[in-house]
Amino acid sequence: MSARFTVRPTPEERPQDLPVVPWDALPQEALATVFSYLCDEDRLEASLACKAWHTVFRMACLWRRRSFEFRGTKMQQGCYDGFLHEHGQHLQHMILEFDKPNTAVVQCFEAFVATTNKCAALRLLSIKVRLLWFVSQRKGWSGYRTKMVRALCSLLKRQPMLQEADFFFCEFTHNEGLQVLKALTGDLPLMTRRNIISLSIREFFEPRTLDISLKTFSEVMGRFPSLAFLYLDQHYLCEVVLDKLITGCAQTLRHLDIVMDTTVVHAIDSHTWSLAVQRCPSLTVTVRLEVNLLLEEYSRVLVESMPLTRVVLWDMSETCNLTFADVARFLGYVSDIFFNTIEEVCLKAETFLKVDDEAEGYLEMEKAVVNLMETCVPLKKLFLSIPLKPETLDKLSRVLASRLQNEMKRLEVIVVEEQISQGYIETRWPALRVLSHDEFLYDDYKNF
């Protein structure tokens, strides 16, 4: 291949100092990285350029992760069958996404599962299922959902190497959800128990299923003896479920990620958390508050003895009336109760908070942020996606500089500020890390 490329120079180099390198001199690992950013069609076209690129096209590392969207077309079904026959032995991480259900979508998914189950070399390590809630939106769709759940369970039962399972926004009925969890654990004779390490069941049951049978649910959760990370809604977690988890996973359980996006149905008291920590000393907890809750509500969940290391306050509600005073009370509560354990705090409330001369509670919020930074020694990261005045950034920068003098108190403060330019903040307050709104969302998704 005669085409050439030039390496982009660093600030210390001049373009004329850099060699012009032929494309065929690029190592396979680098080409594979380039190919990983291409869709299937572009990969195929690039593979026709030369033998070297065709060799890269067939490298196993390019086909280990794959997303499958089910829209019910015959062409789509044929493409998926071809992919599984060609690359099924390389596939390790599968993502399943569903369009609004109809007969064609159901048949496409059933045919996909049938082909997958025939692929003897397929050994999935992780599976993510997205947007099955479409199936429960209208009357008359329950028949579609029953068939899709049955096919999904069939797929799960035939993947003994699964380590991670993520079901987001599936909204199963109570019985369907239990069927899926039992399929994960190998609820068949003569089959080995799954080594599920990470399980996410956020919005796993229908919203009206707040009165799930916790006894049955806890028994099923006790079937995951290797579980290390569990991500779930707060109303799925009660003392019985926590006890079952601690009993069955005392040697493996490391982190619970709890989402509060509705009113508190039941809460675990401080004594129960204390016993859980004694039996599982390495356990840590993240709590995400995605609705505007009163102090009396979140204080029922955020209790002493809970090994809280991360907390997120996110203004997800469209009717949220969050104020600076609410943020100040929340931060004050976290500082008072969890000053010995909290490591990361994330505040995202810029939508409903406005800075002006009459901003109620702003000074209290400012004091609460400063107090959090000064009081909580374990604190390592502080995300602030809220409106801040320049004088507040001055104070944060000074407190941060004093902490950085002690290696044991190192702290990273990340600011998302739309009213002040990113370049100006970086110049005037170099101790602070500044992100754009899009960068913050990616960083939050990755870290939280």
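Name the residue, out of F83, F98, that is farther than 21 Å from N195 by Cα and touching a Phe, Trp or Tyr at 6+ places or on another chain (Cβ under 6 Å). Matching residue, one of F83, F98: F98.
Across the range 244-254, the number of residues qualifying as β-branched (V, I, T), open to solvent by 30 Å² or more (accessible area, probe 1.4 Å) and farther than 14 Å from I196 by Cα comes to 1.
Is there a residue being touching a Leu at 6+ places or on another chain (Cβ under 6 Å) and either without any contact (Cβ under 8 Å) to a residue 40 or more places away in the chain or of a type in the set (G, A, S) (or both) anywhere in the range 355-365?
Taking every residue of the range 355-365 in turn, none turns out to be touching a Leu at 6+ places or on another chain (Cβ under 6 Å) and either without any contact (Cβ under 8 Å) to a residue 40 or more places away in the chain or of a type in the set (G, A, S) (or both).
Taking the criterion of being of a type in the set (K, R) and farther than 19 Å from I420 by Cβ, the residues of the range 363-408 that qualify are K367, K380, K381, R403. Under the condition of being modelled with pLDDT of 85 or more, open to solvent by 40 Å² or more (accessible area, probe 1.4 Å) and of a type in the set (A, V, I, L, M), the residues counted in the range 55-94 number 1. With the checklist (1) open to solvent by 40 Å² or more (accessible area, probe 1.4 Å); (2) in contact (Cβ under 8 Å) with a residue 24 or more places away in the chain in hand, flag the one item A111 doesn't pass. It is condition (1) that A111 fails.
Restricting the range 405-436 to residues that are closer than 25 Å to F339 by Cα and part of a helix (DSSP H, G or I), which is most open to solvent (accessible area, probe 1.4 Å)? Among them, the one singled out is M408.
Against the test of being open to solvent by 20 Å² or more (accessible area, probe 1.4 Å), at pLDDT below 90 and among the hydroxyl-bearing types (S, T, Y), the options S402, S385 yield a single qualifying residue, S402. Apart from one condition, V241 fits all of (1) open to solvent by 10 Å² or more (accessible area, probe 1.4 Å); (2) touching a helix residue (DSSP H, G or I) at 6+ places or on another chain (Cβ under 8 Å); (3) outside any loop (DSSP other than H, G, I, E, B); (4) of a type outside the set (F, W, Y); the exception is (1). Among the residues making up the range 349-362, a single one is closer than 19 Å to I420 by Cα, open to solvent by 70 Å² or more (accessible area, probe 1.4 Å) and at pLDDT 70 or above: K354.
In summary, no helices (runs of 4 or more DSSP H) completely within the range 255-346 bear 3 or more residues that are among the β-branched types (V, I, T) and either more than 21 Å from S385 (Cα to Cα) or open to solvent by 30 Å² or more (accessible area, probe 1.4 Å) (or both). Among the residues examined, A46 does not qualify as assigned to a helix (DSSP H, G or I) and touching an Asp or Glu at 6+ places or on another chain (Cβ under 6 Å).
The values are calculated or read from the model by the stated rules, or taken from the named source; none is laboratory data. Predicted model, so just to flag it, every value in this text is computed and none were measured. Positions of Cβ are generated from backbone atoms using ideal geometry, with glycine treated the same way; all protein chains shown enter the neighbour counts. The accessibility values were calculated without ligands, DNA or RNA, using every heavy atom of the protein model including side chains. Shrake-Rupley method; radii C 1.70, N 1.55, O 1.52, S 1.80 Å.
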